[in-house]
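Worksheet: the structure to be examined is printed underneath.
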Amino acid sequence: MYPDRMQTVKEQVLHVVHRLPDDADFRDVNEEIAMLAAVAEAEDDIREGRLIENEEMKARLDDWLDG
């Protein structure tokens, strides 16, 4: 679905823009680029070991939602 991380950021963005429909608006482009950035950030977190277990995340969400 998303381009290979071996491409430059510019190449990834161009790939996304080219696959969008001709009637895409700025919001569509922005959403796709934001998704690319989020995936890249997540990949960096995984590579750097910045992870937590699912149970820890569930506990954090419970704390946050119960406020």
If you check Asp63 against the conditions, is it assigned to a helix (DSSP H, G or I), over 18 Å from the mean Cα position of the chain (by Cα) and without any contact (Cβ under 8 Å) to a residue 60 or more places away in the chain?
yes
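So that you can scan it fast, the table gives a plain yes or no per residue for (1) charged (D, E, K, R); (2) in contact with an Asp or Glu (Cβ under 7 Å, 6 or more places away or on another chain); (3) free of Cβ contacts under 8 Å to residues at least 12 places away in the same chain; (4) part of a loop (DSSP other than H, G, I, E, B):
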| site | (1), (2), (3), (4) |
| --- | --- |
| Lys10 | yes, no, yes, no |
| His18 | no, no, yes, no |
| Asp23 | yes, no, yes, yes |
| Val29 | no, no, no, no |
| Ala34 | no, no, yes, no |
| Val39 | no, no, no, no |
| Asp45 | yes, no, yes, no |
| Met57 | no, no, yes, no |
Members of the stretch 42-67 that are loosely packed, with under 11 Cβ neighbours inside 10 Å and acidic (Asp, Glu):
Glu48, Glu53, Glu55, Glu56, Asp62, Asp63, Asp66
Name the residues in the stretch 2-41 that are among the hydrophobic types (A, V, I, L, M, F, W, C) and either surrounded by fewer than 10 Cβ atoms within 10 Å (Cβ to Cβ) or touching a Gly at 6+ places or on another chain (Cβ under 7 Å) (or both), would you?
Met6, Phe26
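Every number in this text was worked out from the coordinates using simple rules, so none of it is lab data. As the structure is a prediction and not an experimental result, all values here were calculated from the model. Note that each Cβ is placed from the backbone with ideal geometry, even for glycine, and that neighbours are counted across all protein chains shown.
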